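Contents: one structure, followed by commentary.
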Amino acid sequence: MISVKELKNPHVVRRDLLASLVVFLVALPLCVGVAVASGVPAELGLVTGIVGGIVVGMLPGSKLQVSGPAAGLTVLVYEAVTEFGLGTLGPIVLAAGLLQVVLGVARFGRWFRAISVSVVQGMLAGIGLVIILGQVYAMADTEQPGTALAKIAGLPGLAAEIATNTEALTAFGLGAGTVAVLLLWPKLPAAVRLVPAPLAAVGLATAVAALAGLSPAVADVNGLLHAIDLPGAAEFGSLANVAVIGTVLAFALIASAESLFSAAAIDRMHDGPRTDYDKELVAQGVGNTICGALGALPMTAVIVRSAANVQAGATTALSRVAHGLWLLLFAALLPAAIGIIPLASLAGILVHAGCKLVPVKEFGPLWREHRGEAVLLAVTTLAIVVTNLFEGVVLGLLLAVVKSAWETSHVQLSTHSLTGGRVVVTLTGNATFLRLPRILEQLEKLPQDQPIELDLTGLRHLDHACRVALENWARRHNNAEIEPVTIRR
């Protein structure tokens, strides 16, 4: 929240207003690009950016991270709009926002930090790959296949289309040029880099198209008020659909995880107050509830805009609130400016954003140091590409739980013989069903013609499955003429 004391300091106000302009210039093309890639009117991306700036910016939680439509939810939104229709998007986002508010009030915010980092990285990598596969077709103004696997299979055909079709080649050139500007911009002098890279890339692509007399595909712009479609009773009735409920859960889970992981990253970039995760989750939920009521895109905290905010020198929430006001003024006064931006250029921005979501540099060290975590990341990524976002994330979370259970269920079995032929078998550690096959395999190798004592006193944990299996083994292992195996607990 913005304090009155901070607003009375002209140095703070001036610095944060300047930072807000930087964030606005970064957010503008991203809001439009995410909306177009999600299959919704471009203005709805601006609506979400405005709500994320003005509303969420005024709420407690994190002072410096900036919220708005995110590339990480593009795939899920596109799937929801395709399957349920644009009218159902509002109720889905609203219900997900209310769920986030409930989770925040119930103090679940801190528990999102317990989600395996590898699952989150795998989730983002999978999203990034799906975005790249989809937007590379949009860069060529070519219709994209319906599934990720079909998009992969269609890449040779896409290359042939670009090589033989002048219009596709022209559009792809604008998109590829946009990506090239984004890659080269950080290497230019600091004075040039005062203009944010996404704005410069889109501006240059638009200028090239205009000066060369090209006619690339552009967004259909009808104005802010015309794009807002308040959901009605019929749309809210769709929330009774089990598939819609699953989408609501996916929206809430992924938006919350992405926002809170972004908060943790931003907290490492500055020395100011730390994020209150529960309050931030409530703030995100309030923002999504309002976006849903307006029929707009869902929001998360976005690391690109948040990092730009910190790097621009912001120290209070004024910068993120002001960036929302700049977006509102632009949407109200200059909406037609969106309609001259080539869609191929916006697709290029999304391809670049998707590439940044794939942790290529981090995977090698992770594989060398924590191979299990690397496998978890890879499996989550591939599952999202092959199936869908929700199922891929659920599979990743389940594998993370199984991996954790496997690693913590270490058990050791040792045997030693006493005088008189008695054999003592000692189990120590944690005996769970995951280790049961190995335990029984070793026990069944013991002699059946000697008295055996099974010592379980060294176990820290013995689950029900292991206890029953050990008791059954003790009853049947020894020959009939030998005393049964005794168990010491």
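The values are calculated or read from the model by the stated rules, or taken from the named source; none is laboratory data. None of these values were measured; they are calculated from a predicted model. Neighbour counts are summed over all protein chains in view; Cβ atoms, including those assigned to glycine, are modelled from backbone coordinates with ideal geometry. The area values use the complete protein model at the heavy-atom level, side chains included, leaving out ligands, DNA and RNA. Shrake-Rupley method; radii C 1.70, N 1.55, O 1.52, S 1.80 Å.
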For the range 22-128, shape from the Cα gyration tensor axes a ≥ b ≥ c, cut at a/c of 1.5 then a/b versus b/c, turns out rounded
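May I ask you to derive the FRET efficiency for GLU83 and ALA233 from their Cβ-Cβ distance with R0 = 35 Å, giving the value to the nearest 0.05? Provide the component values of the computation, followed by the final result.
On the way: r = 21 Å, r/R0 = 0.59.
The calculated FRET efficiency here is 0.95.
Just to confirm the filter: which trypsin sites (Lys or Arg not before Pro) across the range 399-479 are DSSP coil and have at most 14 other Cβ within 10 angstrom of their Cβ? Could the numbers behind the result be given before it?
Numbers: sites: LYS403, ARG422, ARG435, ARG438, LYS445, ARG460, ARG467, ARG475, ARG476; in loops: ARG422, LYS445.
When the trypsin sites (Lys or Arg not before Pro) of the range 399-479 are filtered for loop state and at most 14 Cβ neighbours within 10 Å, ARG422, LYS445 remain.
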Shape call for the range 312-363, from the Cα gyration tensor axes a ≥ b ≥ c (a/c under 1.5 means rounded, otherwise prolate when a/b beats b/c, else oblate), comes out oblate
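Only sites in a loop by DSSP and with at most 14 other Cβ atoms within 10 Å count here; which trypsin sites (Lys or Arg not before Pro) in the range 268-314 make the cut? Walk me through the numbers on the way to the answer.
Values: sites: ARG268, ARG274, LYS279, ARG305; in loops: ARG268, ARG274.
Filter output for the range 268-314: ARG268, ARG274.
Sequence gap at least 6, Cα distance under 8 Å: using those rules, report the relative contact order of the range 27-76 to the nearest whole percent.
Numbers: 52 pairs, mean separation 19.8, N = 50.
Value for the range 27-76: 40 percent.
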Calculate, in nm to one decimal, what SER414 and LEU225 gain on full extension: separation in residues at 0.36 nm each, minus their alpha carbon distance.
60.6 nm
Over the range 352-489, with the other protein chains present, what is the accessible area per residue in square angstrom, probe 1.4 angstrom?
58
Compute the distance from the alpha-carbon center of the range 54-130 to that of the range 217-293, in whole Å.
5
The extension gain from LEU325 to TRP406, computed as 0.36 nm times the residue separation minus the Cα-Cα distance, is 24.1 nm
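For the pair GLU453 and PHE108, what calculated FRET efficiency results from E = 1/(1 + (r/R0)^6), where r is the Cβ-Cβ distance and R0 = 51 Å, to the nearest 0.05? Could you put the intermediate results ahead of the total?
On the way: r = 47 Å, r/R0 = 0.93.
Efficiency computed from Cβ-Cβ geometry: 0.60.
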Percent accessible area from carbon and sulfur atoms, the chain, protein chains only, probe 1.4 Å
66
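Counting GluC sites (Glu not before Pro) as exposed when in a DSSP loop with at most 16 other beta carbons within 10 Å, what is the longest stretch of the chain free of them?
Details: sites that count: GLU143, GLU444, GLU481.
Formally, the longest exposed-site-free interval is 144-443.
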FRET E, pair ARG438, LEU211, Förster distance 56 Å, beta-carbon r, rounded to 0.05:
0.20
Multiply the residue gap between ARG193 and ARG460 by 0.36 nm, knock off their C-alpha separation, and tell me the result in nm, one decimal place.
90.2 nm
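Which loop-located trypsin sites (Lys or Arg not before Pro) does the range 1-89 contain, where loop means any DSSP state but H, G, I, E or B and the Cβ has at most 16 other Cβ atoms within 10 Å?
On the way: sites: LYS5, LYS8, ARG14, ARG15, LYS63; in loops: LYS8, LYS63.
Counting only loop positions with at most 16 other Cβ atoms within 10 Å, the trypsin sites (Lys or Arg not before Pro) in the range 1-89 are LYS8.
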Assign one of three labels to the range 220-354, namely rounded, prolate or oblate, based on the Cα gyration tensor with a ≥ b ≥ c the square roots of its eigenvalues; rounded applies when a/c is under 1.5, prolate when it is not and a/b is larger than b/c, and oblate otherwise.
oblate
